[in-house]
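The values are calculated or read from the model by the stated rules, or taken from the named source; none is laboratory data. Since we're looking at a predicted model, the values are computed, not measured. No Cβ is skipped: glycine too gets one built from the backbone with ideal geometry, and neighbour counts run over all protein chains shown. Surface areas here come from the heavy atoms of the whole protein model, side chains and all, with no ligands, DNA or RNA. Shrake-Rupley method; radii C 1.70, N 1.55, O 1.52, S 1.80 Å.
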Amino acid sequence: MGLSPGAVAELVAPELGGGRAYLVGSLAGGLGNRSSDVDIHVVGETVEQHRGPKLNRLDGVPVDIEHFPASAPAELAQGPGDVPVLRFAAGDVALRLPLGRSEQRRAARWFHATGLDPATPPLYDAAQSARVQAMLARVTFGRLAGLACMASLAEQAGLPEGTHRHLWRQAGRQLLELRCRLAGDVTTGDKWLPVRARRLGLPAAPVDGEAQLHADLAKAGLPGFDPLTLAAVRPARGSGTVSLAGRSWLVNRHDRLLSDAVSTEAPVAEAAGELGAARLLDAVGRAELDLVVEDDALRKVFGAWITEK
């Protein structure tokens, strides 16, 4: 993008206030291109709460600067306390997920953060990095299981082959993402996945069904699982009910009124037996139900791999 580290440091200097400046995002992860923004996080003792981002421009390149309290990175890595892990051959996956969406992105950025001053220490020590890596692996493991579940349901429902093939391939991409994260690259952004996989020497063959997914899991040092047992459904977040013309309607999180909504909380295998695979997929698609991978299900299915940290 044509910017020198010195020029960026000069721009950021008035923002430091005694704190430390870190390059974060795709550029810090060794990725990015000429169109990438420069993202800077300033961490300092005098910062009482998160501020920003503040947009600056340097030679036409956007430079976003955010400020964080000095304690924020360690607090995020610590979460609510000790988190047990599933210690697979491929690496550790946290049993619980104490990070929200915005925290997940922030944790990934801080994992790869690079000080603008070469003498600046990393934001995380080895133990904190391991915790963050395991928690971010948990995010991807849940997505992988959820997509595999949707693909299996699509097959059961007799949907067009292209539908379940697409879902299996998306599950395969999440497996590749999981392998990247377990190998130490937690950079966010789906567009960077092929590059990240290549530089780690990971194969990116598409997955076309459950048998191949299980084979690829085994090759990666991860155990196979039944997605219909591991995943569950529950009433969708952000939904509510209203009474209109003497009838009860569901208002989903997209503000759609649904008169024939279903409500259940059960493992997907059980819910599919009750509602049918096609109706269950429809309920998830219409935000009547959420598809989730709960901590208790992970504990039940993968109990032999649990290690208390």
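General observations
- Residues satisfying the criterion are absent from the range 55-77 (criterion: assigned to a loop (DSSP other than H, G, I, E, B) and open to solvent by less than 20 Å² (accessible area, probe 1.4 Å)).
- Near pairs, Cβ below 9 angstrom, 6+ apart or cross-chain, from the range 263-286 (buried (at least 20 other Cβ atoms within 10 Å of the Cβ)) to any residue that is of a type in the set (Lys, Arg): ALA272/ARG279
- Which numbered condition SER102 fails, given (1) within 13 Å of the chain's Cα centre (by Cα); (2) hydroxyl-bearing (Ser, Thr, Tyr); (3) at pLDDT 95 or above; (4) more than 22 Å from PRO194 (Cβ to Cβ): (3)
- Comparison of THR187, THR140 shows that the only residue that is within 21 Å of the chain's Cα centre (by Cα), polar (S, T, N, Q), buried (at least 19 other Cβ atoms within 10 Å of the Cβ) and farther than 24 Å from LEU298 by Cβ is THR187.
- Candidates ARG173, ARG165, ARG198: the one that is farther than 24 Å from ALA107 by Cα, open to solvent by 30 Å² or more (accessible area, probe 1.4 Å) and of a type in the set (D, E, K, R) is ARG165.
- Residue match in the range 220-240 (condition: over 17 Å from ALA148 (Cα atoms) and of a type in the set (Ser, Thr, Tyr)): yes
- For the range 207-217, a residue qualifies if it is surrounded by 12 or more Cβ atoms within 10 Å (Cβ to Cβ) and either touching a Ser or Thr at 6+ places or on another chain (Cβ under 8 Å) or farther than 15 Å from GLY91 by Cβ (or both), and the qualifying residues are VAL207, ASP208, GLY209, GLU210, GLN212, LEU213, HIS214, ALA215, ASP216.
- Output for the range 1-45, where each listed residue is open to solvent by 30 Å² or more (accessible area, probe 1.4 Å), part of a strand (DSSP E or B) and not aliphatic (A, V, I, L, M): ARG20
- Restricting LEU153, LEU193 to those that are in contact (Cβ under 8 Å) with a residue 12 or more places away in the chain, farther than 28 Å from ALA89 by Cα and part of a helix (DSSP H, G or I) reduces the list to LEU153.
- Number of the exception - ARG173 against (1) part of a helix (DSSP H, G or I); (2) at pLDDT below 95: (2)
- Test: residue in the range 41-56 that is within 16 Å of PRO122 (Cα to Cα), touching a helix residue (DSSP H, G or I) at 6+ places or on another chain (Cβ under 9 Å) and of a type outside the set (Val, Ile, Thr): yes
- Any pair with Cβ under 8 angstrom, 6 or more apart, that starts in the range 81-110 at a residue that is more than 18 Å from ALA127 (Cα to Cα) and ends at one that is hydroxyl-bearing (Ser, Thr, Tyr): ARG105/THR188
- Here ALA218 fulfils each of the conditions (1) touching a helix residue (DSSP H, G or I) at 6+ places or on another chain (Cβ under 8 Å); (2) of a type in the set (A, V, I, L, M); (3) at pLDDT 95 or above apart from (1).
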